[in-house]
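See structure below.
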Amino acid sequence: MASWYGVAVIPGRARKPRDKAKVEVGCLIAERWIIARLRHRTFYSLGDLNLAIRDLVDWLNRRPFKKLPGSRLSLFEELERPLLRPLPAQRYEFALSKQLRSASTTTSRSTATTIQSPTSWSVRSATSA
């Protein structure tokens, strides 16, 4: 999938991940702020809840940093948006495939029926999607 979209998958650092705690804390703070702002509201549809969450995420991204200049949105626009490329015209389609082979014994027994497969089937292989 990564090659389809032209990106590289870089695993996290082994043994002593130094960045994971910062990311986890950032997600925790965003989650707490959004839930705290929504805790006294009642939603009657999932669409209404998603709209309220989207508004709060936009508010959170536009909120200025306390110790740094700018906001999350301004950093994204300045550093990351210029590096983005358009997605491929055709969507990635996930598929599983298996290598199939006939069993080495050519006789298969079902309740009352005995089925024999030709010996030539046992050497041929096929791909199933």
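The values are calculated or read from the model by the stated rules, or taken from the named source; none is laboratory data. The model shown is predicted, which means the values in this text are computed figures rather than measured ones. Heads up, the Cβs are rebuilt from the backbone with ideal geometry, glycines too, and the neighbour counts pull from every protein chain shown.
Condition check: acidic (Asp, Glu), out of contact with any Phe, Trp or Tyr (no Cβ under 7 Å at 6 or more places or on another chain) and either surrounded by 10 or more Cβ atoms within 10 Å (Cβ to Cβ) or touching a residue at least 12 places away in the same chain (Cβ under 8 Å) (or both). Does GLU93 satisfy that? It is false that GLU93 is acidic (Asp, Glu), out of contact with any Phe, Trp or Tyr (no Cβ under 7 Å at 6 or more places or on another chain) and either surrounded by 10 or more Cβ atoms within 10 Å (Cβ to Cβ) or touching a residue at least 12 places away in the same chain (Cβ under 8 Å) (or both).
For the range 12-21, which positions are at pLDDT below 80 and surrounded by fewer than 10 Cβ atoms within 10 Å (Cβ to Cβ)?
Within the range 12-21, the first condition is being at pLDDT below 80, and the residues that meet it are 12-20.
Correct list: GLY12, ALA14, ARG15, LYS16, ARG18, ASP19.
Quick check on PHE94: is it under 21 Å from the mean Cα position of the chain (by Cα), at pLDDT 90 or above and closer than 30 Å to SER3 by Cβ? So PHE94 does not fit the description; no. The single condition among (1) surrounded by fewer than 10 Cβ atoms within 10 Å (Cβ to Cβ); (2) touching a strand residue (DSSP E or B) at 6+ places or on another chain (Cβ under 9 Å) that GLU80 does not satisfy is (2).
Taken residue by residue, the range 32-46 has no member that is at pLDDT 90 or above, surrounded by 11 or more Cβ atoms within 10 Å (Cβ to Cβ) and small (Gly, Ala, Ser). Of the residues that sit in the range 69-91 and are modelled with pLDDT under 90 and assigned to a loop (DSSP other than H, G, I, E, B), which one is farthest from TRP4 (Cα to Cα)? Residue satisfying both the conditions and the ranking: LEU84. If the condition is being within 30 Å of ALA95 (Cα to Cα) and touching a residue at least 12 places away in the same chain (Cβ under 8 Å), then the range 1-57 contributes MET1, TRP4, TYR5, GLY6.
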